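The block underneath contains the structure these notes are about, expressed in structure tokens.
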Amino acid sequence: MGSTSDKLKGAVNEAVGSAKQAAGKVVDSPELEGEGVLQELKGKTQTALGDAKDAVSDAMDSAANKAKELAKDAKDAIHRATE
């Protein structure tokens, strides 16, 4: 699952979880309220997973760009040294 999908599902679960908690309080149902707490936590976890995937992807892109830059610098240095 991609980071955007994780974040979207997380947001939905957080909202539904909050709604279940509120409904549980209104109808005096600790079970429904507890389900809401768990679903909201699931949503927060999914959102955090999406954020983590983004961070890893960004770090990999940055490392790849740095490696390309270093390779180009090394190639240029070899070219200058052999002239």
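Computed from the coordinates by the stated procedures, all read-outs in this text should not be read as laboratory data. Keep in mind it's a predicted model, so treat the numbers as computed, not measured. All Cβ positions, glycine included, derive from the backbone under ideal geometry; neighbour counts span all protein chains shown.
So the values come out like this:
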quantity	calculated
Residues within segment 24-44 that are surrounded by 13 or more Cβ atoms within 10 Å (Cβ to Cβ) and either of a type outside the set (A, V, I, L, M) or farther than 20 Å from Glu14 by Cα (or both), tallied	12
Residue that is farthest from the chain's Cα centre (by Cα), among those in segment 3-43 that are among the polar types (S, T, N, Q) and part of a helix (DSSP H, G or I)	Gln21
Every residue from segment 44-83 that is among the β-branched types (Val, Ile, Thr) and assigned to a helix (DSSP H, G or I)	Thr45, Thr47, Val56, Ile78
